[in-house]
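The values are calculated or read from the model by the stated rules, or taken from the named source; none is laboratory data. Owing to the predicted nature of the structure, the values given are computational and were not obtained by experimental measurement. Glycine gets a Cβ as well: all are built from the backbone with ideal geometry, and neighbour counts include every protein chain shown.
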């Protein structure tokens, strides 16, 4: 089953994403060494503009040695490499690497262990894909690396500038980054620690609030018990108020009963106290406590029209304080 060729948008997107992540991010996350890009040109180079004379790699001119180690990505001109074009059907575009390797072994005098090669600019037409092969001898790459190492500028990558496009031909990233395998582990541990700290800081207010709630729980329970007791007391007071209101409503709605109370309050002397009232069709009965003689009170009430037929019921009892208690009845309710 043939493999579909990636679309132009996908190829553009992947190439853009490779250069999107800065070098320092890759260095911190993957342990890759950072490098400065230096272009080798025909003519006089300028280290300030990051260009060097190409004869420093291929001729007798030696590069000046720098005091501080500078890992370098070298961009070399096309003439230092062998370039050739390989055409293949468009349906086979996804297998450029395999087709290019096979064509290189069949149609060139080079052996696989003598060279390295990379895919350069690719041109597509209606039916075919034209792939540019960039070939470099390993012996030349070794010479260039030694010259750069002597100048304290070890090479990380070697690019070929073909068709105004920089193509990676050789990558020595793994050789320079000796401890790169430990960086992902260290970064993972650091990420876990950072995440743990972030989670702790996020949960810290909740933990503090739960501790405060545990401290305030006994006080809350005590206040809740007080609230329940106060609620019961309020119910009792409300019931007493309702009973008082009922009594007052009953009195105000019964004119004769009200008249009886007003009459008793008006006629009885200040030395007499009424503790109980009993109203029934036979009349009104009052349980009285008088500081004096109950008989004298009856003589006084005999001439009062507001309390007609005032009679004493039961026996008169003398209290320890010297007052007399007895029941007094009159027929105020029977009077028209």
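Computed values, structure above
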{"read-out": "Among the candidates 101, 83, residue that is in a strand (DSSP E or B) and at negative phi", "value": "83"}
{"read-out": "Residues (at positive phi and touching a strand residue (DSSP E or B) at 6+ places or on another chain (Cβ under 6 Å)) located in the stretch 285-319", "value": "309, 314"}
{"read-out": "Hey, residue 32 modelled with pLDDT under 85, crowded, with 17+ Cβ neighbours inside 10 Å and part of a loop (DSSP other than H, G, I, E, B) or not", "value": "yes"}
{"read-out": "Filter result for residue 104 (touching a residue at least 60 places away in the same chain (Cβ under 8 Å), assigned by TED's automatic domain parsing to the domain that holds residue 176 and surrounded by 13 or more Cβ atoms within 10 Å (Cβ to Cβ))", "value": "no"}
{"read-out": "Residue within the stretch 180-189 that is within 23 Å of residue 39 (Cβ to Cβ) and surrounded by 11 or more Cβ atoms within 10 Å (Cβ to Cβ) present", "value": "no"}
{"read-out": "The stretch 52-95 - residue that is within 51 Å of the chain's Cα centre (by Cα) and within 23 Å of residue 173 (Cβ to Cβ) and, of those, surrounded by the fewest Cβ atoms within 10 Å (Cβ to Cβ)", "value": "68"}
{"read-out": "Lone unmet requirement of (1) modelled with pLDDT under 90; (2) surrounded by 16 or more Cβ atoms within 10 Å (Cβ to Cβ); (3) within 29 Å of residue 62 (Cα to Cα) for residue 113", "value": "(2)"}
{"read-out": "Residue 147 being within 55 Å of the chain's Cα centre (by Cα), under 30 Å from residue 64 (Cβ atoms) and crowded, with 16+ Cβ neighbours inside 10 Å", "value": "no"}
{"read-out": "Every residue from the stretch 248-257 that is over 13 Å from residue 307 (Cα atoms), at pLDDT below 70 and assigned to a helix (DSSP H, G or I)", "value": "250, 251, 252, 253, 255"}
{"read-out": "Residue in the stretch 125-140 that is more than 25 Å from residue 60 (Cα to Cα), in the same structural domain as residue 85 (by TED's automatic domain parsing), under 50 Å from the mean Cα position of the chain (by Cα) and in a loop (DSSP other than H, G, I, E, B) present", "value": "no"}
{"read-out": "Flag if residue 128 is surrounded by 13 or more Cβ atoms within 10 Å (Cβ to Cβ) and over 27 Å from residue 39 (Cβ atoms)", "value": "yes"}
